[in-house]
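Participant: Before I ask anything, here is the structure I am working with.
Throughout, read-outs are computed from the coordinates displayed, never taken from laboratory work. Just so we're clear, the structure is a prediction, and the values are computed from it rather than from any experiment. Using ideal geometry, Cβ is built from the backbone for each residue, glycine included, and neighbour counts are taken over all protein chains shown.
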Amino acid sequence: MSDGPKREPAVRTLAMPADTNPSGDIFGGWLLSQMDIAAGTVAFQRARGRVATVAVDAMSFHKPVYVGDVVSTYAEVVRVGRTSITLHVEVWVKRGRTGAEIKVTEGRFTCVALDERGRPRPVPAA
C-alpha cells in the first residue's frame, strides 16, 4: 500500500456498475480507455496539437478495480522522438470502502503528433 502519487492526475473518475465485466470487477477495456485518454491529453499538451495513439506496450494489470473506487490516471512523458511521444501511464485507485490508495495498472503508450491532414508532424521543442 502507498500514499499514491503526489501530482495531479490527467484523468479522475468514479468506477460505476455499468463498467463491470461478468465477474463484477471493472472491465479492463474501460480501464485501458481511461489510460488512453490520459496519455492523449498529456501528449496533446506536449505536442501542442493533435495526436493519435499508435502503440500500447508493456501493459500490466496489478490489482482489480471495484465499483465505487475513485480512479486516478497519471501520464508522464518519458521520451520525445521526431514525431512521437512515449508516455508512462499509471492508474491508482482510492478504494471506496477503505480509502486505501493502490496502484492497479500501468503501461507504456506511444502517440504520434499529427498535422491538419492527419499525417505525422514534428513534435515542437520543449
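Participant: Expressed as an acute angle from 0 to 90° and rounded to the nearest 10, what is the orientation of the C-alpha long axis of helix 28-47 relative to the principal long axis of the chain?
Facilitator: 40 degrees
Participant: Could you work out [θ]222 nm for the chain from helices alone, using -39500 (n - 2.57) per DSSP H run of at least four and dividing by all its residues? Round to the nearest 500 deg cm²/dmol.
Facilitator: Mean residue ellipticity at 222 nm (helix-derived): -5500 deg cm²/dmol.
Participant: Mind checking the dipole of the chain: about its Cα centre, +1 per Lys or Arg Cβ, -1 per Asp or Glu Cβ, Debye to the nearest 20?
Facilitator: Around 420 debye, computed over the chain.
Participant: Let a ≥ b ≥ c be the square roots of the eigenvalues of the Cα gyration tensor of region 34-74; is it rounded (a/c under 1.5), or, if not, prolate (a/b larger than b/c) or oblate?
Facilitator: Here region 34-74 falls in the oblate category.
Participant: Let me make sure I get this right: for region 1-42, a, b and c are the square roots of the gyration tensor eigenvalues over alpha carbons, sorted descending. Under 1.5 in a/c it's rounded, otherwise prolate if a/b > b/c, else oblate. Which is it?
Facilitator: Judged from the Cα gyration tensor, region 1-42 comes out oblate (a/c at least 1.5, b/c at or above a/b).
Participant: Any idea what Rg and Dmax come out to for the chain if you just take the C-alpha atoms, in Å?
Facilitator: Answer for the chain, Rg first and Dmax second: 15.4, 49 Å.
Participant: Would you mind calculating the gained length between Ala55 and Thr20 on full extension (0.36 nm times residue separation, minus the Cα-Cα distance), in nm to one decimal? Display every interim value, and only then the final one.
Facilitator: Details: separation 35, 0.36 × 35 = 12.60 nm, distance 2.49 nm.
Going from the current span to full extension adds 10.1 nm.
Participant: Sticking with this structure for a sec: With labels modelled as points extended 7 Å from the Cα through the Cβ direction, what inter-label distance (nm, one decimal) is found for Glu8 paired with Glu76?
Facilitator: 1.8 nm
Participant: Which of Arg12, Arg119 comes first, and how do the rest follow, when ranked by fewest Cβ neighbours within 10 Å? Walk me through the intermediate numbers first.
Facilitator: Numbers: Arg12 15, Arg119 10.
Ordered from fewest to most neighbouring Cβ atoms within 10 Å, Arg12, Arg119 come out as Arg119, Arg12.
Participant: With unit charges on the beta carbons (Lys and Arg positive, Asp and Glu negative) and the dipole taken about the Cα centre of the chain, which residue among Val56, Cys111, Pro17 sits farthest to the positive side?
Facilitator: Cys111
Participant: Working out 0.36 nm times the residue gap between Ala126 and Val67, then minus their Cα-Cα distance, what length gain in nm do you get to one decimal?
Facilitator: Contour length minus the Cα-Cα distance gives 17.3 nm.
Participant: In the chain, if the dipole is taken from +1 on Lys/Arg beta carbons and -1 on Asp/Glu beta carbons about the Cα centre, which of Thr86, Phe27, Gly68 is farthest to the positive end?
Facilitator: The Cα lying farthest towards the positive end belongs to Thr86.
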